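Below is one structure; the comments refer to it alone.
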Amino acid sequence: MTENEDRRVGAPLRGASGMTCDAFREVAEAFALGVLDDGERLACAQHLAETARHAGCVDAVLDTQLVSARLATVLPGRSVRPEAWQAIEAQVMATAGEATARGRRLWELADWLVAATVVSLYLYGAPVTKPRTRSSDGETAVRRPAIALPVSSR
């Protein structure tokens, strides 16, 4: 007698994991091949660990494992030639070096732009010529702006 024959008609089997046998069978192949994310894999493992009767859950996993084992024996194993790996590595290194050089050029340009901006702001804020005045005796003096000091009234 198989698991499918043990299932009562019309009663969905739901265990402590919260997963029904129908829901498990939908993802059984992915579970057997190990391609589920951690949460789904854990829920499936908990479902299989339950002692309740299953409606074809174990059979679905075993069928998928059997098919994948047969495919592994039938399909020829192919190894990649070392030249292919060397070509891939050379391409990756060339691309990485190119990106690094491009990034370095951009940083150098940014450095020059910042320096030019700082110098421009300094020159913009600095007076080009200092205002000079002639005194009555003919001497030239630099005129400084007056600073208003608070006057205390007593």
Review point. How do Arg70, Arg53, Arg25 rank when sorted from fewest to most other Cβ atoms within 10 Å of their own Cβ?
Key: Arg70, Arg53, Arg25
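Give me the net charge of Leu36's neighbourhood, meaning all other residues with Cβ under 13 Å from the Cβ of Leu36; Lys, Arg count +1, Asp, Glu -1.
On the way: positive: Arg41; negative: Glu26, Glu29, Asp37, Asp38, Glu40.
Net of charged neighbours comes to -4.
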Check your understanding: Could you give me the ³J(HN,Hα) list for the stretch 24-36, computed from phi with Karplus coefficients 6.51, -1.76, 1.60 and θ = phi - 60°, whole Hz, x at Gly and Pro?
Key -> 5, 4, 5, 10, 4, 5, 5, 5, 5, 8, x, 10, 7
Point to revise | Semi-axes of the equivalent ellipsoid for the stretch 79-124, Cα gyration tensor, largest first, Å | key: 44, 4, 4
Revision key, fill the gap. Here the stretch 38-43 yields Karplus 3J(HN,Hα) values (6.51, -1.76, 1.60; θ = phi - 60°; whole Hz; Gly and Pro given as x) of 4, x, 5, 4, 5, 4
Practice item. Convert each backbone phi in the stretch 103-109 into a coupling constant with the Karplus relation 6.51 cos²θ - 1.76 cosθ + 1.60 (shift: θ = phi - 60°), then list the ³J(HN,Hα) values in order as whole Hz, x for Gly and Pro. Key: x, 5, 5, 5, 5, 5, 4
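Read the figures in this text as sums done on the coordinates, not as results from a lab. Not measured: the values here are computed from a predicted model. Don't worry about glycine lacking a Cβ; one is built from the backbone with ideal geometry, like all the others, and counts go over all protein chains shown.
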